[in-house]
Amino acid sequence: MILDPWQAFALETGLGERPDGRWSAFEVACIVSRQQGKGAIFEALALAKLVLFESELFIYSSHEFKTSREAFRRIGALIDSTPELSSRVLRTVKNPSEFGYDFRQGQRLRFFARSGGSGRGWSADDLFFDEAFKLGGEAMAALLPTLSTRPNPQVWYASSAALSTSDQLHALRKRALAEGDHGRLAYLEWSAPDDADIHDRDAWAMACPALGYRLTEEFIESEVEAMPEAEFRRERLSIPDSPDVASGGIDPLAWSASADLSSAAVDPVCFALEVADDREWACISVGGKRVDGLWHGAVVDYRRGTEWIVDRLAELNRKWSPAAVVIDPSSAAGSFVPLLEARGVAVTKVSVRDVAAACGWFYDIVRQGDFRHRDDPALNVAVRAATRRTTGDLWRFERKSSTDISPLLSVVLALSAASRERTPLNDADLMQTFH
């Protein structure tokens, strides 16, 4: 492997040793924008640890299973093409939960997607957290103790810039930027200044150490034109989102920019019901696509009490024949499922994981400018009051709040259902569009 200068620098820095032979850094972080070559750092590091430094167990973890599988495939290609390495392999491990290699001298390399239980019961010398912007506290709690009994362990983090929800990565960066002794943390970040002009080529070079190797200025020019500015600043200039937004829910500037008093959805639309935990308020909202392709969400009915819900939803169901009427059965609204079904309303029930996925997707479309609302006061109040609850690698808007956020959650669920209803045309439907 012929490494780029920045890749070699990262490895030289991270593998520095103290006089006693232990690693100078217990934690090493490499934060750089996408497609710069972070994967090559992992490949060189893992092979060096296993073959040269004889680590007994090297664990690679990522947020998504497909990322771990791709890392396994790439390092496998290196091993298979190098007889000096392939001759050391005793067996290849492939099962539903993990991939890896067992070496003849006892070393092991394992790949898996992070979860609350991954790595428990193991004892590792090295951890490599890829996609660290999605690293949650639960995964850290499961994996970090695997190092506790090893004589010279090390943790590596690789990531693009932090999202507003990247609590662990924000904490790591805060430690690195703090004055005073940083302990055993080596923090390497290639990024442009927070106030950089997105057209400034010097800023591109600061954030892209692979510029001129695998990345061209021409391609970055295309990205500037094609990507929303906020996404370009994070994904290419490696400027992290503010962690302050995470505690308050949705960025107020992005929310204000998405207001459109004339906004309306076209059929098919979806409705959703949310009820406050104390059952003092309830809200029915609608979600769907606009003529221009943007997403639209609005409060249909928001009132005190719950006695009006069944009649109102039955009326809306008859009038609009929605694609879905959505309820989270684990919420206070769940008690209305049998009552609505008895009135002929087909209820779409969502899981806790569905709700978390819907919240994340809604946050994304607001931030990217793909959503519009009518500046409804009840919805605005709910958005301002919303906070987040994180479980593992997922988060959702917290219902248990001093302010009722049922207008926000009902819009989120209605929109999520509308996005699922819009499936691609089959061949027969596609042919009809030509007539």
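Regarding SER242, is this residue modelled with pLDDT of 90 or more and not assigned by TED's automatic domain parsing to the domain that holds GLY136? Give the derivation first.
Values: modelled with pLDDT of 90 or more: no; not assigned by TED's automatic domain parsing to the domain that holds GLY136: yes.
No, not satisfied.
If SER55 passes every condition in (1) over 29 Å from the mean Cα position of the chain (by Cα); (2) surrounded by fewer than 20 Cβ atoms within 10 Å (Cβ to Cβ) but one, which one does it miss?
Exception for SER55: condition (2).
Would you check if GLY21 is assigned to a loop (DSSP other than H, G, I, E, B), out of contact with any His (no Cβ under 6 Å at 6 or more places or on another chain) and assigned by TED's automatic domain parsing to the domain that holds ALA176? Before the answer, list the steps.
On the way: assigned to a loop (DSSP other than H, G, I, E, B): yes; out of contact with any His (no Cβ under 6 Å at 6 or more places or on another chain): yes; assigned by TED's automatic domain parsing to the domain that holds ALA176: yes.
Here the answer is yes, as GLY21 does meet what is asked.
Scan segment 186-215 and report the pairs whose first residue is closer than 21 Å to GLY37 by Cα and at pLDDT below 90 and whose second residue is surrounded by 15 or more Cβ atoms within 10 Å (Cβ to Cβ) and of a type in the set (A, V, I, L, M), with Cβ atoms within less than 6 Å and a gap of 6+ or a chain change.
Correct list of pairs: LEU211/ALA205.
Confirm whether ARG353 is of a type in the set (D, E, K, R), modelled with pLDDT of 95 or more, surrounded by fewer than 20 Cβ atoms within 10 Å (Cβ to Cβ) and not in a strand (DSSP E or B).
Values: of a type in the set (D, E, K, R): yes; modelled with pLDDT of 95 or more: no; surrounded by fewer than 20 Cβ atoms within 10 Å (Cβ to Cβ): yes; not in a strand (DSSP E or B): yes.
Answer is no for this residue.
Given the residues GLU231, GLU274, GLU225, which is the only one that is in contact (Cβ under 8 Å) with a residue 12 or more places away in the chain and not assigned by TED's automatic domain parsing to the domain that holds SER416?
Numbers: GLU274 fails: not assigned by TED's automatic domain parsing to the domain that holds SER416; GLU225 fails: in contact (Cβ under 8 Å) with a residue 12 or more places away in the chain.
One residue alone meets the criteria, GLU231.
Which residue out of ASP311, ASP301 is free of Cβ contacts under 8 Å to residues at least 24 places away in the same chain, buried (at least 17 other Cβ atoms within 10 Å of the Cβ) and not assigned by TED's automatic domain parsing to the domain that holds GLN168?
Details: ASP311 fails: buried (at least 17 other Cβ atoms within 10 Å of the Cβ).
Answer to the selection: ASP301.
Out of all the residues in segment 107-147, which are among the polar types (S, T, N, Q) and either crowded, with 19+ Cβ neighbours inside 10 Å or at pLDDT below 75 (or both)? Show your work before the answer.
Applying the first criterion (among the polar types (S, T, N, Q)) to segment 107-147 yields 107, 115, 118, 123, 146.
Residues satisfying the conditions are GLN107, SER115, SER118, THR146.
Being touching a helix residue (DSSP H, G or I) at 6+ places or on another chain (Cβ under 8 Å), surrounded by fewer than 17 Cβ atoms within 10 Å (Cβ to Cβ), modelled with pLDDT of 80 or more and not hydrophobic (A, V, I, L, M, F, W, C) is the requirement here; does ARG384 meet it? Working first, answer last.
Working: touching a helix residue (DSSP H, G or I) at 6+ places or on another chain (Cβ under 8 Å): yes; surrounded by fewer than 17 Cβ atoms within 10 Å (Cβ to Cβ): yes; modelled with pLDDT of 80 or more: yes; not hydrophobic (A, V, I, L, M, F, W, C): yes.
Yes; evaluated as a whole, the condition is true for this residue.
The values are calculated or read from the model by the stated rules, or taken from the named source; none is laboratory data. Predicted model only: the values in this text are computed from it and were never measured. We place every Cβ from the backbone using ideal geometry, glycine too, and count neighbours over all the protein chains shown.
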